[in-house]
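> One structure, as structure tokens, below. Some questions next.
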Amino acid sequence: MMHRNRPIGELFAQGRPIISVEFFPPKDEKGGEQIIQAAEEIREHLHPDFVSITYGAGGTTRERTFRYARILKDEYGFEVMPHLTCVGSNRRELKEIINGYRKAGFCNIMALRGDPPGGESTFTPHPDGLPYAVDLVNLIRDNFSGFSVGVAGYPEVHPESISSELDLRYLKEKVDAGASFITTQLFYDNKSFLNFVDRCRQAGIHVPIIPGLMPLRSAKQAYRFCQNIPKELEEALSAAADDKEAIKQIGIDWTYQQIAELFDQGIKGVHLYIMNRSGAALEVIKRLRKSGRV
Ligand SMILES: Cc1cc2nc3c(=O)[nH]c(=O)nc-3n(C[C@H](O)[C@H](O)[C@H](O)COP(=O)(O)OP(=O)(O)OC[C@H]3O[C@@H](n4cnc5c(N)ncnc54)[C@H](O)[C@@H]3O)c2cc1C
């Protein structure tokens with residue numbers, strides 16, 4: 001049965017923390033079983049306000065993102081926000097993809113530029129495509145009505161950006177173009193997020209800003225996206241060495257503490273990067289419930 005989604009932008013008016021989780025489209029059968037198992041457990045025990053599903057590097061997962069977005073929406077009843085990037089598609093193709101989502105009952109899209117393909121350091125847009133995420137936000141706004149659009153923000157500044165001021169100016173352009181909320185890149189130091197929120201507000205960005213957090217499963221994972229790893233976390237990871245179970249526990253404890261502190265500071269939501277595994281996220285939410293924060 002086709003489940004019609006609600007615009008995510010509207011959820012934030014409820015004044016309680018909005019919890020979301022991120023899936024990625026699997027590559028093979030084993031990965032397919034993993035996402036389905038995670039989706040079942042998340043539906044049963046976590047009850048997220050919405051879920052998102054990523055769009056693979058190089059535009060390679062157009063069909064798979066669509067297929068799994070539909071499964072998550074129609075078979076599991078989630079509010080779903082599919083991601084879309086400018087990589088590898090011209091304007092006509094981007095419109096076709098968005099139109100496909102529209103026809104299938106979606107009304108949320110995470111609009112991204114995407115990363116340069118592996119091995120390349122600079123992003124080269126498709127000859128008839130779009131160079132920046134703001135152009136995708138504009139394309140959605142100008143050609144489709146009723147979509148709630150999310151965009152990405154970077155508390156530790158986007159790696160290609162030459163300054164935090166410019167990065168913020170471009171983020172504001174995405175919001176002014178019509179984005180109704182921002183989800184951030186992951187971080188392990190709450191100070192960088194809280195400082196980012198302050199700078200956004202001062203710059204006139206007033207939409208909800210959802211912190212993106214990942215319960216880490218390896219030290220390598222932490223360093224892949226963040227330069228700023230707090231000393232306490234670094235020490236705990238180094239003491240755990242190769243003990244996978246200990247690292248998983250550190251990941252759960254750290255994410256719980258991050259969310260508890262952010263909620264206590266008045267932040268009204270969290271987006272969990274779960275890598276198609278439910279265990280750590282369920283444990284974190286269980287603790288948040290126990291402490292009365294959700
Ligand atoms: C929450 C989240 C979800 C993500 N999901 C995916 C996904 O599903 N698939 C995927 O491939 N990647 C994903 N990414 C990664 C993302 O695609 C990369 O970080 C990419 O390098 C930048 O995308 P963006 O949308 O932030 O780009 P943009 O907002 O376009 O910014 C890219 C860079 O260009 C600069 N810039 C922006 N506008 C202008 C302008 N007008 N003039 C000059 N410079 C400008 C910015 O400062 C920044 O340095 C995600 C990231 C986040 C935080």
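What follows is calculated from the coordinates using simple rules that are stated; it is not laboratory data. Computed from a prediction, not measured in an experiment: that's the story for all the values here. Here Cβ is always computed from backbone atoms with ideal geometry, including for glycine, and neighbour counts include all displayed protein chains.
> Amide H neighbours of Ser52 under 5 Å, counting only residues 5+ apart in sequence or on other chains, H built in-plane at 1.01 Å?
Long-range HN contacts for Ser52: Val21, Glu22, Phe23, Met81.
> Work out which helices of the chain, taken as complete DSSP H runs, extend at least 27 Å along their axis over the Cα atoms and score a mean Kyte-Doolittle of -0.5 or more, then list them. Spell out each step's value before the answer.
Values: long enough: 244-264 (30 Å, -0.35).
Those that pass (Cα extent of 27 Å or more, hydropathy at least -0.5) are 244-264.
> When only C-alpha pairs under 8 Å and at least 6 residues apart count, what is the relative contact order of the stretch 1-117, in percent? Display every interim value, and only then the final one.
On the way: 172 pairs, mean separation 37.2, N = 117.
Relative CO of the stretch 1-117 lands at 32 percent.
> Answer with one residue from Gly77, Gly251, Thr65: the one whose Cα lies farthest towards the positive end of the charge dipole of the stretch 11-290, charges on Cβ with Lys, Arg +1 and Asp, Glu -1.
Selected residue: Gly77.
> Take each of the peptides 66-72, 195-201, 136-142, 86-92, average the number of other beta-carbon atoms within 10 Å over its residues, and list them starting from the highest.
Values: 66-72: 21.4, 195-201: 16.6, 136-142: 19.9, 86-92: 18.3.
In descending order of packing, they fall as 66-72, 136-142, 86-92, 195-201.
> Give, as a single signed number, the net charge of other residues whose beta carbon lies under 12 Å from the beta carbon of Ile8, with Lys and Arg counted +1 and Asp and Glu -1. The partial results should precede the final answer.
Details: positive: Arg6; negative: Glu10, Asp49, Glu79.
Its environment carries a net charge of -2.
> For the chain, set up a Gaussian network in which alpha carbons nearer than 10 Å are linked by springs, and say which option among Leu213, Leu166, Leu112 fluctuates the most.
Result for the chain, Cα springs under 10 Å: Leu166 fluctuates most.
> Let me know the shape class of the stretch 11-290, please: from the alpha-carbon gyration tensor, a ≥ b ≥ c as square roots of the eigenvalues, rounded when a/c is under 1.5, otherwise prolate if a/b is greater than b/c, or oblate. Numbers along the way, then the final one.
Numbers: a/c = 1.45, a/b = 1.24, b/c = 1.17.
Cα axes put the stretch 11-290 in the rounded bin.
> Output the peptides 272-278, 172-178 sorted from most to least packed, where packing is the average of other Cβ atoms within 10 Å over each peptide's residues. Present the calculation step by step, with values, prior to reporting the outcome.
On the way: 272-278: 21.1, 172-178: 19.0.
With the highest mean Cβ count within 10 Å placed first, the list reads 272-278, 172-178.
> Sticking with this one: Considering only DSSP states other than H, G, I, E and B, which trypsin sites (Lys or Arg not before Pro) in the stretch 1-65 qualify as loop sites with at most 16 other Cβ atoms within 10 Å?
Details: sites: Arg4, Lys27, Lys30, Arg43, Arg62, Arg64; in loops: Arg4, Lys27.
Qualifying residues, ordered by number: Arg4, Lys27.
> Residue by residue through the stretch 112-129, which ³J(HN,Hα) values in whole Hz follow from phi under the Karplus form 6.51 cos²θ - 1.76 cosθ + 1.60 (θ = phi - 60°), with glycine and proline marked x?
So the Karplus estimates, Gly and Pro as x, are 10, 7, x, 8, x, x, x, x, 9, 9, 10, 8, 10, x, 4, x, 10, x Hz.
> In debye to the nearest 20, how big a dipole does the chain give about its Cα centre with +1 on each Lys and Arg Cβ and -1 on each Asp and Glu Cβ?
Numbers: 37 positive and 38 negative charges, 154 e Å.
So the dipole magnitude of the chain works out to roughly 740 debye.
> State, as an integer percentage, the relative contact order of the chain based on alpha-carbon contacts under 8 Å between residues 6 or more apart. Don't skip to the answer; put the middle values down first.
Values: 504 pairs, mean separation 59.6, N = 294.
The value is 20 percent.
> Work out the length of the dipole vector of the stretch 151-217 about its Cα centre, built from +1 on the beta-carbon of each Lys and Arg and -1 on the beta-carbon of each Asp and Glu, and round it to the nearest 20 debye. Please list the in-between numbers first.
Details: 7 positive and 8 negative charges, 36 e Å.
Dipole magnitude for the stretch 151-217 comes out near 180 debye.
> Sticking with this one: Using only Cα atoms, locate the centre of the stretch 211-246 and the centre of the stretch 3-62, then give the distance between them in Å, rounded to an integer.
24 Å
> Given the options Gly269, Gly153, Gly100, state which has the largest fluctuation in a GNM of the chain using a 10 Å cut-off (strictly under) for Cα springs.
Gly100
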